[in-house]
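Participant: Below is a structure I'd like to ask you about.
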Amino acid sequence: MTALRRIGILIAVATLLGLVLGLIRGGLNASLTVNPNVELDSKEIYHVSVWVSVPLIVRSELFVQAVEELIATFTGARANIAVTTTFTPEHLLQDVLREALRQGEPPDVLVNSTYSPAGYGPLQVPLGMYLSPEERQHYSSAITAQLSVKGELASLPLGYTFRVFAANPA
């Protein structure tokens, strides 16, 4: 699976989560208000704001292009869902998000490209409810423990981080 495909899967999951959040914005206790099985009314238009942090990588425009294509595919198949996407450099994301929260206007979906499952407080949706028991079997308990905040799965391990080690043979 290519890196762009993994990123695409991440964006799809985040977009679907945002859709659900956009439908149920009333309460701040997401674990009690988010319904992963919600059904949409085909006569209603749903507006979803998605903020994506753009990773500091070579050719980040390919990342942005992949996200745009994925969202276009998603909305193309769902005429009653309008997605507004905002791209933010990852090093500015925390400040931009903090200001949006201060103003009471956070995004419906936040796709954070950093490698940490930061705790965003009561607006963060626990992701464990979106995994079936079969899907949970694919993840090591050691990995899910690292991706949890306050005992709830906060991030999904959807990609790999590659590290290169070099040694001087002399």
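Participant: Pulled fully out, how much extra length does the chain show between Val96 and Leu131, if you take 0.36 nm times their separation in residues and subtract their Cα-Cα distance?
Facilitator: Between Val96 and Leu131, full extension yields 9.6 nm more.
Participant: Let me ask another. Find how much the distance from Leu56 to His138 grows on full extension, using 0.36 nm per residue of separation minus their present alpha carbon separation; answer in nm with one decimal.
Facilitator: Extra length from Leu56 to His138 when fully extended: 26.6 nm.
A short reminder: the numbers here are calculations on the coordinates, not readings from a lab. Being a predicted model, the structure only gives us computed values, none of them experimental.
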